[in-house]
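Nothing in this text is a laboratory measurement; each read-out follows from the coordinates by a stated rule. Fair warning: this is a prediction, and the values are worked out from it, not measured in the lab. Cβ coordinates were reconstructed from backbone atoms using ideal geometry, including for glycine residues, and neighbour counts include every protein chain displayed.
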Amino acid sequence: MFNFKAIIHILGMLMLFNGLFMALILPVSYITDSGDFTALLTSSAITCNLGILAWWLTRKVKKELSKRDGYIIVSLGWIILGLSGALPFLISGEITSIPNAIFETFSGYTTTGASILNDIEALPNGIMLWRSMTQWIGGMGIIVLTVAILPLFGVGGMELFAAESPGPSSAKIHPKITDTAKRLWILYVLLTVFETIMLKLAGMSWLDAVNHSFTTMSTGGFSTKNASIAAFDSPSIEYIVTAFMLVGGVNFSMIYFILKGAFAKVYGNEEFKTYLGIVATFTVVITGILWCNSPDLGFESNFRHSMFQVVSIVTTTGFSTSNYAIWASFAYMLIIFLMFTGGSAGSTAGGVKIVRHLIIFKNGYAEFKRILHPRAVIPVRLNERSVDQKIVNNVLAFFFIYTFIFIFGALIISAYGTDIVTAVGASIACLGNIGPGIGGVNPEHNFHGFRDGAKLFMSFLMLLGRLELFTVLILLTPAFWRKV
């Protein structure tokens, strides 16, 4: 029923890739003499050797994967990445607690951006860059990278891509799944390089520019500064980061079509237009509220802070230039509402995803028509096409389970002695892969004060949110393990 040897084989490859990514940090650590070279080298060696061992022992296995194998590989793959990715923090001694290291690393790979570090600026350069790279790896998904490379080893990757790709559907930009993965990764790398150059020209150091490019394109939100983007006090940097966060929240297929000049596909995409409409509407409204309450700051400053925070929350990036918790109550409530929105399907953003909201609203409107015309066949239509009822049912089930887990998560976190507002904020921040939340986890605070059990549970919430619930939860059902 399961090809466990093939599963181990691919998990070994994932560990190997993760170790090689660690090795990419070594030149930076050595050149800057940041004191973490040995820790990074040791972590890379351990991860690579374990990966090579697992891959070598199963190299002759029959490499055929079922859909169930794909779910196991993706779920265990992210867990293994999180555990092995914590090694640099632990070995360097920058994070001494295992629950803290796991939380920080899972926050990286799931592009959540929540942190337990009280003084980020005290981190050595190598560890700082590795922390940012975990988000860059997780942004597009190392599983998709593996899909692009697996054919070289004779392994099909459709099952992995389907299990890892976010959203209720994934638009392919090329008939072959491996070519799709390669094109997406090339686009991801090029955008990262372009942002790095832009941030450098705007006044960041090369190291800060690379770090923030990694965490912007991945919509992750880790910064090199304790005060996040606000520390740079630069309007040009804020506008650049806003623009690339906005790009990160777009379905990467749409970006590809724009670059190819296929504007008809972009113009006809309802999710893309809704995404831009939400950002524009909330930016205008919040700008008006802030301007009325703080006219001395000027229109441009209020507009810039409003747009930055709206885009940061919608795309679940989590950067901050101001503390929205001290804004006027209505503006604060709008930001909380945006936490339940999410970016586009097929983007690096987390959350519920805009396309799901569209399907839910369209299905609700269709129900009114069905009540008035009980004999009529009234399908839900998206992008001028009928949406299969199975997809509608999947979206409704997802929304129900997402809401239930959010409430359940808040209850569990509160059981560790956390006040209810902070527990609610932490639950949605972790499940939605947002980073900052409300209460004691607003942009001016972090997650350091939570108990170890709560941190491990929140790490699980991050994983659930990043893999869109079903990929992980399906492993917990008896039917998954039952022979068919």
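In whole Hz and in residue order, list the ³J(HN,Hα) couplings for the range 465-472 that follow from phi through the Karplus curve 6.51 cos²θ - 1.76 cosθ + 1.60, θ = phi - 60°; x for Gly and Pro.
x, 5, 9, 6, 6, 4, 4, 8
For the chain, what does -39500 (n - 2.57) per DSSP helix run (n ≥ 4), summed and divided by total residues, give at 222 nm, in deg cm²/dmol to the nearest 500?
Only helices count here, giving -20500 deg cm²/dmol.
Please go through the range 1-34 and write out the chymotrypsin sites (Phe, Trp or Tyr not before Pro) that DSSP classes as loop and that have at most 15 other C-beta atoms within 10 Å.
Phe2
Peptides 447-460, 365-378: what's the order by average Cβ count within 10 Å, highest mean first?
Packing order, densest peptide first, comes out as 447-460, 365-378.
Which order do peptides 277-283, 76-82, 305-311 fall in by mean Cβ count within 10 Å, highest first?
In decreasing order of mean packing, 277-283, 76-82, 305-311 become 305-311, 76-82, 277-283.
Tell me the relative contact order for the range 338-484 as a rounded percent, counting alpha carbon contacts under 8 Å between residues six or more apart.
This gives 18 percent for the range 338-484.
Evaluate the charge dipole of the chain about its Cα centre and quote only its size in Debye, nearest 20, assuming +1 on the Cβ of each Lys and Arg and -1 on the Cβ of each Asp and Glu.
2260
Full-extension gain between Cys292 and Arg59, please, as 0.36 nm times their residue separation minus the C-alpha to C-alpha distance.
77.3 nm
What net charge do the residues around Val210 carry, taking every other residue with its C-beta under 10 Å from that of Val210, with Lys and Arg at +1 and Asp and Glu at -1?
Combined, the nearby Lys, Arg, Asp and Glu give -1.
Tell me, what HN-Hα J-couplings in whole Hz come from the Karplus equation 6.51 cos²θ - 1.76 cosθ + 1.60 at θ = phi - 60° for each residue of the range 292-300, using x for Gly and Pro?
My calculation for the range 292-300 gives 5, 8, 9, x, 5, 6, x, 5, 4 Hz in order.
Subtract the Cα-Cα distance of Asp233 and Leu190 from 0.36 nm times their separation in residues, and report this length gain in nm to one decimal.
Computed gain between Asp233 and Leu190 is 12.8 nm.
What residues have an amide H closer than 5 Å to that of Leu382, excluding those fewer than 5 places away on the same chain, when H is modeled at 1.01 Å from N in the peptide plane?
Amide H neighbours of Leu382: Val387.
How many nm is it between the label spots at Lys390 and Thr477, if each spot is 7 Å from the Cα in line with the beta carbon?
Reported label-point gap for Lys390 and Thr477 is 1.3 nm.
If you plug each phi of the range 45-53 into the Karplus form 6.51 cos²θ - 1.76 cosθ + 1.60 with θ = phi - 60°, what whole-Hz ³J(HN,Hα) values come out, in order, with x for Gly and Pro?
Result, rounded to whole Hz: 5, 4, 5, 5, 5, 5, x, 5, 4.
Compute the distance from the alpha-carbon center of the range 204-277 to that of the range 5-36, in whole Å.
Each part's Cα centre sits 26 Å from the other's.
Can you list residues whose amide H is under 5 Å from Lys353's amide H, if they're 5+ apart or on another chain and H is modeled 1.01 Å from N?
Correct list: Gly342, Gly343.
Report the relative contact order of the chain, percent, no decimals, based on alpha-carbon pairs under 8 angstrom and at least 6 residues apart.
17
If the reach is capped at under 24 angstrom between alpha carbons, list the lysines near Lys200, excluding any in the same chain fewer than eight residues apart.
Output for Lys200: Lys225.
Testing the spin-label approximation: label points 7 Å from Cα along Cα→Cβ at Val377 and Tyr416. State their distance in nm.
Simple spin-label model gives 5.2 nm for this pair.
Work out the charge dipole of the chain with +1 on the Cβ of Lys and Arg and -1 on the Cβ of Asp and Glu about the Cα centre, then indicate which of Gly85, Pro374, Ser34 is farthest towards its positive end.
Toward the positive end, the furthest listed residue is Pro374.
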